[in-house]
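The values are calculated or read from the model by the stated rules, or taken from the named source; none is laboratory data. All of these numbers come straight from a predicted model, not from anything done at the bench. Here the Cβ positions follow ideal geometry from the backbone for every residue, glycine too, while neighbour counts run over all protein chains shown.
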Amino acid sequence: MSLTERLAHASDRFYDRMRSSQARGVAESAPTGSLGDLKGHKYCVIVTYKKSGEPVPSPLWFGTGNGKLYFQTGATTTKIKRINRNPEVRVAAATARGRPLSAPLVGTARVLPPEEEAEAERWLQANYGLGRRLYSRLGDRVASVYVEVVPTPPG
């Protein structure tokens, strides 16, 4: 593992410890939310599931467009391993530490192929503006992937 990857994993562990204790509640709340609930927010909490079915909440930056949610994360994170194993996720608007600010929605996540990454980045930039563009240019150089979440229709 490279130094950059070790630093990224250390950073992930730090944020895991800083996560709001309320973030896990997204997995148990009634999934009555919609993508509209994320409008005006800079963070969401996404819940992925371990093999055992245990929920794991992760706060992150996101963008929405075309009726979908997009985010970027490290290609080798356990979040991606969990999504590849079980693509069902829950998402709610949240604080930077993952405290939910809306009811969750249920969706299906998939890692985007490289040819679809530009669309995802466009929606991320639309939510963050200049800050996202600077982050993208100056950010760390850990291999990353984009993920698309398609909400599951209620009922």
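Report the residue count in region 69-87 for those that are touching a residue at least 40 places away in the same chain (Cβ under 8 Å) and either of a type in the set (D, E, K, R) or assigned to a strand (DSSP E or B) (or both).
Total satisfying the criteria: 6.
Please find, within region 95-111, the residue that is modelled with the lowest pLDDT out of those that are more than 17 Å from Asp37 (Cα to Cα) and surrounded by fewer than 17 Cβ atoms within 10 Å (Cβ to Cβ).
Only one residue tops the list, namely Arg97.
Tally up the residues in region 19-63 that are charged (D, E, K, R) and under 13 Å from Ala96 (Cβ atoms), please.
2
Checking the structure you have, find out if any residue of region 61-68 is in contact with a helix residue (DSSP H, G or I) (Cβ under 6 Å, 6 or more places away or on another chain) and surrounded by 17 or more Cβ atoms within 10 Å (Cβ to Cβ).
Within region 61-68, one or more residues are in contact with a helix residue (DSSP H, G or I) (Cβ under 6 Å, 6 or more places away or on another chain) and surrounded by 17 or more Cβ atoms within 10 Å (Cβ to Cβ).
Take Ala92 and tell me if it is at pLDDT below 95 and among the hydrophobic types (A, V, I, L, M, F, W, C).
For Ala92, the condition - at pLDDT below 95 and among the hydrophobic types (A, V, I, L, M, F, W, C) - is not met.
It is to be established whether one or more residues within region 30-38 are in contact with a helix residue (DSSP H, G or I) (Cβ under 8 Å, 6 or more places away or on another chain), modelled with pLDDT of 90 or more and surrounded by 18 or more Cβ atoms within 10 Å (Cβ to Cβ).
Taking region 30-38 as the starting set, the residues that turn out to be in contact with a helix residue (DSSP H, G or I) (Cβ under 8 Å, 6 or more places away or on another chain) are none.
No: region 30-38 contains no residue that is in contact with a helix residue (DSSP H, G or I) (Cβ under 8 Å, 6 or more places away or on another chain), modelled with pLDDT of 90 or more and surrounded by 18 or more Cβ atoms within 10 Å (Cβ to Cβ).
Take Glu115 and tell me if it is at pLDDT 95 or above, closer than 25 Å to Pro154 by Cβ, surrounded by fewer than 20 Cβ atoms within 10 Å (Cβ to Cβ) and out of contact with any strand residue (DSSP E or B) (no Cβ under 6 Å at 6 or more places or on another chain).
Taking the combined requirement at face value, the residue does not satisfy it.
Determine whether His9 is outside any strand (DSSP E or B), at pLDDT 90 or above and either of a type in the set (Phe, Trp, Tyr) or surrounded by fewer than 17 Cβ atoms within 10 Å (Cβ to Cβ) (or both).
Numbers: outside any strand (DSSP E or B): yes; at pLDDT 90 or above: no; either of a type in the set (Phe, Trp, Tyr) or surrounded by fewer than 17 Cβ atoms within 10 Å (Cβ to Cβ) (or both): yes.
For His9, the condition - outside any strand (DSSP E or B), at pLDDT 90 or above and either of a type in the set (Phe, Trp, Tyr) or surrounded by fewer than 17 Cβ atoms within 10 Å (Cβ to Cβ) (or both) - is not met.
Does Asn86 meet the test of being surrounded by fewer than 17 Cβ atoms within 10 Å (Cβ to Cβ) and farther than 24 Å from Glu121 by Cβ?
When the stated conditions are applied, Asn86 passes them.
Return yes or no: is Arg132 of a type in the set (Lys, Arg), touching a Phe, Trp or Tyr at 6+ places or on another chain (Cβ under 7 Å) and either crowded, with 17+ Cβ neighbours inside 10 Å or modelled with pLDDT of 95 or more (or both)?
The answer is no for Arg132.
Could you give me the residue pairs with C-beta distances under 7 Å whose first residue belongs to region 112-129 and is more than 16 Å from Thr73 (Cβ to Cβ), whose second residue is exposed (fewer than 15 other Cβ atoms within 10 Å of the Cβ) wherever it lies, and which are 6+ apart or on separate chains?
Listed by first residue and then by second, the contacts come to Gln125/Arg133.
Working only within region 47-60, note down all residues that are surrounded by 18 or more Cβ atoms within 10 Å (Cβ to Cβ) and free of Cβ contacts under 8 Å to residues at least 24 places away in the same chain.
Leu60
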